[in-house]
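Asker: Take a look at this one; I'll ask things after.
The values are calculated or read from the model by the stated rules, or taken from the named source; none is laboratory data. Predicted model only: the values in this text are computed from it and were never measured. We place every Cβ from the backbone using ideal geometry, glycine too, and count neighbours over all the protein chains shown.
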C-alpha cells in the first residue's frame with residue numbers, strides 16, 4: 001500500500017480575543033490508498049480543524065504548523081496558495097457537513113460541477129458536462145442532465161450531498177475528506193450516502209478520512225480509527241481493536257454511551273461521560289481528560305501525556321499505558337457485527 | 001422569470017396609482033388652492049370665481065379622475081404663474097436632474113464597490129482603515145458644504161472647473177462628486193459587510209476546496225451574493241438623488257427638478273408640485289421595479305417568490 005497522506009505533529013492554533021486556543025495539538029496519522037481513517041470525537045475536539053489544516057482551508061484566525069505534512073510525497077507546509085489550489089479538487093477533495101449551505105445559491109448545479117473540473121483540466125464545456133452527468137449517475141441521481149439546470153434551493157438535502165460528492169469526484173482525486181457528511185441528513189438518507197461513499201471509495205481506490213461523532217458510522221465505514229479529545233489523538237487502532245478492546249478511559253466511556261446488540265442487556269442504563277470538554281486556551285499540561293476521568297490519579301496532572309505506541313498502528317495516551325506493557329494481539333479480537 | 005416580471009409590473013402600476021391618489025388628496029387638503037391662486041388681498045367673490053373657474057368646487061374624487069385621465073395622455077395641466085404647460089417645464093428640468101443623478105450614482109458605485117471589496121478582503125488593515133475614513137467623512141460632511149469647498153478650491157483657486165450652470169459635462173463634475181460622495185458610505189459599508197459575510201460562508205469554502213483561484217472566488221461567487229442587498233439600496237439612493245438634490249442644485253445653480261419643486265412649493269404652484277410628486281413617485285417605483293428584476297436575475301431564489 002502506498003501512503004497518500006502523511007501528517008506528523010500537526011498543530012493548529014486559533015487566535016481569539018480571549019487567548020490562543022490550541023485546537024489541534026501534535027496530531028500524527030497517515031492514510032494509505034484505499035483506506036478509511038475515521039477521526040472520532042465530541043464537537044470541538046479538533047477533528048474538523050485537522051481536516052481543514054490538511055486542506056489549508058483554515059479560517060482567518062487560525063494558524064497551523066507541522067513537522068511533516070505530505071500529500072503524495074509533496075510537501076504541503078511550504079506549498080503556497082497557488083500550489084494548494086492545484087492540489088485541492090484535483091488531488092484531494094473535501095465533502096462538508098452542511099449540504100444546505102455548501103453550494104452557491106446563485107449558480108446552477110451544472111455550472112458548479114463544471115467549474116470544478118475546468119479549473120484544473122483543459123476540457124470543453126461539453127466534455128465537462130458529460131463528466132458531470134456521468135458522475136451524477138454514479139452517485140445515484142436519476143435524470144441527471146435536467147438536474148444540471150437546477151439551482152441548489154430546488155433540491156433536497158440528500159440530493160445536494162450527493163451533488164457535493166459528485167463535485168468532489170469531478171477531477172478524480174486520490175483522496176477525500178468527508179467532514180460529517182451525514183450529520184445534517186435524516187437516518188435513511190444517511191445510510192444511502194454512507195453506502196455510496198464506501199462503494200465509490202472502493203471503485204476508485206481512494207484514501208478517505210471520515211470525520212464523525214457517530215460511532216455507528218465509524219463501525220460501518222472505517223478501517224482505522226483515531227479518537228480525538230481536546231485537540232489530541234488519545235487512541236488509535238484498527239476498527240476491531242477500538243470497538244472490542246478500547247484502552248483509553250475516554251474511548252471506553254464513548255463505547256458505554258451506545259447500545260451494542262448482544263452486549264447491552266434490555267433495561268440496562270447506558271453510560272454517559274460526566275462534565276464537559278475543557279476549552280484548550282492558554283498553557284496546557286497533563287492529561288486533558290483527567291477532570292472527567294473516573295480513573296484519574298495525581299500523576300495524571302504531572303506532565304504532558306505522551307502517546308504510547310503498543311505496536312505499529314495501535315497507541316493510546318494515558319498513564320495506565322505504563323502499567324500495561326504486554327501488547328494485545330489484534331487477531332484474537334472479534335469485530336462486533338452489530339451495525 | 002416572466003411570471004415574476006409580470007407580477008412586479010402589476011404591483012408597480014398599483015403602487016403608482018395609489019401614490020398619485022394619496023398625493024393628490026394630501027396636496028388638496030393642505031390648503032385651499034383657490035385662495036392661493038386668487039392671490040393676496042383678493043375678495044371673497046374673486047376667490048369663489050377662481051374656485052369655480054378651476055373646478056375646485058367639485059368633489060375631490062371627480063377632480064382626481066379628471067386630472068389623472070389627462071395625466072395619462074401626457075397633459076399635466078398648466079402652471080397658473082408662468083402660463084406654461086407643466087409637461088414641457090418638467091421635460092426641460094428632467095434632463096439635468098437625470099444626468100446629475102445617474103452620474104452621481106455611477107460615481108458612488110465606482111468608488112464604493114471596489115473599496116468595499118478591498119476592505120472586506122483585508123479587514124482591519126490600512127486599506128480597510130482608509131476605506132472607513134473615506135466613508136465616515138462622506139457620512140459626516142454635509143453635501144452642500146463639500147460642494148462649496150470644491151467650488152472654492154477647484155473653481156475659484158485653481159480655476160479648473162466652472163462653478164455654476166449645466167452647459168457642458170464639466171459643469172456636472174463637481175455636483176456629481178458632491179452628490180455621489182454622499183451616497184458612498186452606505187453602499188461601501190454594505191458591500192464590505194456583505195462580502196465579509198459571504199467570504200466566511202460555507203459555499204466559499206466549497207469553492208476553495210474545489211481549487212478555484214481567488215479572482216474567480218471573489219468575482220464569481222462572493223461578489224454576486226454580496227451585491228444583492230446593494231442593488232436595492234442603490235435604487236433607493238438614486239431615487240433620493242433625483243428627488244432630493246435640491247441642495248446641490250442650488251449650490252451649483254443647476255436648473256433641475258429639485259430646484260423647480262422648491263420654487264413651486266414656495267409659490268403654491270399646485271399643478272407643478274402635483275406633477276413633480278407624480279414624476280418622483282413614478283421614478284421611485286420604476287427604480288424599485290428595475291432593482292427587483294436585477295436581483296431576480298442575480299439570485300434564482302427570488303424568481304420563484
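Asker: State which residue is nearest to the chain's Cα centre (by Cα) when the search covers only the range B:290-305 and only residues that are more than 14 Å from chain A (Cβ to nearest Cβ) and either farther than 23 Å from residue B:93 by Cβ or at pLDDT below 90 (or both). Full working, then the answer.
Answerer: Quick first cut of the range B:290-305, residues more than 14 Å from chain A (Cβ to nearest Cβ) only: B:290-293.
Remaining after also requiring either farther than 23 Å from residue B:93 by Cβ or at pLDDT below 90 (or both): B:291-293.
Values: B:291: 13, B:292: 16, B:293: 18 Å.
Across the range B:290-305, the extreme among qualifying residues is B:291.
Asker: If you don't mind, another one. Would you please name the residue that is nearest to the chain's Cα centre (by Cα), looking only at residues in the range A:181-196 that are touching a residue at least 60 places away in the same chain (Cβ under 8 Å) and buried (at least 19 other Cβ atoms within 10 Å of the Cβ)?
Answerer: For the range A:181-196, the residue satisfying everything is A:181.
Asker: Could you list, in sequence order, the residues of the range A:113-123 that are facing chain B (nearest Cβ under 8 Å) and touching a residue at least 12 places away in the same chain (Cβ under 8 Å)? Give the derivation first.
Answerer: Within the range A:113-123, the first condition is being facing chain B (nearest Cβ under 8 Å), and the residues that meet it are A:115-116, A:119-120.
The answer is A:116, A:119, A:120.
Asker: Mind checking which helices (runs of 4 or more DSSP H) fall wholly inside the range B:1-54 and carry at least 3 residues that are in contact with a helix residue (DSSP H, G or I) (Cβ under 9 Å, 6 or more places away or on another chain) and within 30 Å of residue B:293 (Cβ to Cβ)?
Answerer: So the answer is B:2-29.
Asker: Mind checking which residues of the range B:210-235 are over 30 Å from the mean Cα position of the chain (by Cα), at the interface with chain A (Cβ under 9 Å from one of its Cβ atoms) and either in contact (Cβ under 8 Å) with a residue 12 or more places away in the chain or surrounded by fewer than 16 Cβ atoms within 10 Å (Cβ to Cβ) (or both)?
Answerer: If the condition is that a residue be over 30 Å from the mean Cα position of the chain (by Cα), at the interface with chain A (Cβ under 9 Å from one of its Cβ atoms) and either in contact (Cβ under 8 Å) with a residue 12 or more places away in the chain or surrounded by fewer than 16 Cβ atoms within 10 Å (Cβ to Cβ) (or both), then B:213, B:214, B:216 are the ones that fit.
Asker: Let me ask you something else. Only residues that are surrounded by 13 or more Cβ atoms within 10 Å (Cβ to Cβ), at pLDDT 90 or above and within 13 Å of another protein chain (Cβ to nearest Cβ): list them for the range A:72-89, please.
Answerer: Across the range A:72-89, the qualifying residues are A:79, A:83, A:84, A:85, A:86, A:87, A:88.
Asker: Against the condition within 32 Å of the chain's Cα centre (by Cα), farther than 18 Å from residue B:268 by Cα and surrounded by 17 or more Cβ atoms within 10 Å (Cβ to Cβ), how does residue B:15 come out, does it pass?
Answerer: Against the criterion (within 32 Å of the chain's Cα centre (by Cα), farther than 18 Å from residue B:268 by Cα and surrounded by 17 or more Cβ atoms within 10 Å (Cβ to Cβ)), residue B:15 does not qualify.
Asker: To continue, here is another question. Mind listing whichever residues of the range A:90-100 are within 18 Å of residue A:177 (Cβ to Cβ) and either surrounded by fewer than 22 Cβ atoms within 10 Å (Cβ to Cβ) or within 8 Å of chain B (Cβ to nearest Cβ) (or both)? Write out each step before concluding.
Answerer: First pass over the range A:90-100, keeping only residues within 18 Å of residue A:177 (Cβ to Cβ): A:90-99.
Within the range A:90-100, A:90, A:91, A:93, A:94, A:96, A:97, A:98 qualify.
Asker: Which ones in the range B:129-163 are buried (at least 18 other Cβ atoms within 10 Å of the Cβ), in contact (Cβ under 8 Å) with a residue 40 or more places away in the chain, assigned to a helix (DSSP H, G or I) and in contact with a helix residue (DSSP H, G or I) (Cβ under 6 Å, 6 or more places away or on another chain)?
Answerer: Within the range B:129-163, B:131, B:135, B:138, B:143, B:147 qualify.
Asker: Restricting to the range B:164-179, and then to whatever is outside any loop (DSSP other than H, G, I, E, B) and farther than 17 Å from residue B:246 by Cβ, can you tell me which residue is modelled with the highest pLDDT?
Answerer: B:177
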